[in-house]
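To start, the structure itself, in structure tokens.
What follows is calculated from the coordinates using simple rules that are stated; it is not laboratory data. Note that the coordinates shown come from a computational prediction; the quantities given were computed from them, not determined experimentally. Positions of Cβ are backbone-derived with ideal geometry, glycine not excepted, and every protein chain shown enters the neighbour counts.
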Amino acid sequence: MHPTPYEEIEHTADWALRVRGVTLESLFEHAAQGMLSLLEPGYLDSSPTGRSLELSAIDLETLLVSWLEELLFLIETEKIGFQNYAIRIEGTSLEASFESVPIESIKKDIKAVTYNELEIVHDQEGYRTTIVFDV
């Protein structure tokens, strides 16, 4: 396994992350952590609150985009970040619980999670993908 579960990679006009995980669940967790890190949030000093989320999709790539878009929506509308994920994926359904923490500021914006170059690959090291964000 590589030393970091996600890394920003160069992309012509948008932002992109290369994400890895030993399991599908860890891939989805690392994708969420990577997306949040791109925003460079400033957190308020406050206690975390438990949250949960359930999603289904037609395939794993759509499930990943839906997961990240849902988190992005919560970031933008409720001004919260996330930590301590517990994710369960069965087929193309996801159940997640996590803690939300209030965000005071975000330095960068993401407009959308795209399907550009998106493919979840499974090999001997686990799972990997590249996610492109429209900024």
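A straight chain from N84 to H122 at 0.36 nm per residue would run longer than the Cα-Cα distance by 11.2 nm. Residues whose amide H falls under 5 Å from that of L44, counting only those 5 or more places apart or on a different chain, are I103, E104, with hydrogens built in the peptide plane. Each 5 Å bin from 0 upward holds the following percent of the Cα-Cα pairs of segment 14-134: 2, 11, 22, 25, 21, 12, 5, 1, 0.
Cut-off 10 angstrom, C-alpha nodes, Gaussian network model of the chain. Which of T92, T77, T114 fluctuates the most? Per the Cα network of the chain with a 10 Å cutoff, T77 tops the list.
The gain in end-to-end length when the E54 to T23 segment is fully stretched comes to 9.3 nm, 0.36 nm per residue minus the alpha carbon separation. Relative contact order of the chain, taken over Cα pairs closer than 8 Å and 6 or more residues apart, is 32 percent. If exposed means no more than 12 neighbouring beta carbons inside 10 Å and the site is in a DSSP loop, what's the longest run of the chain without any exposed trypsin sites (Lys or Arg not before Pro)? It works out to 1-106.
Legend: calculated FRET efficiency, E61 to E99, from the Cβ-Cβ distance at R0 = 22 Å, rounded to 0.05, equals 0.25.
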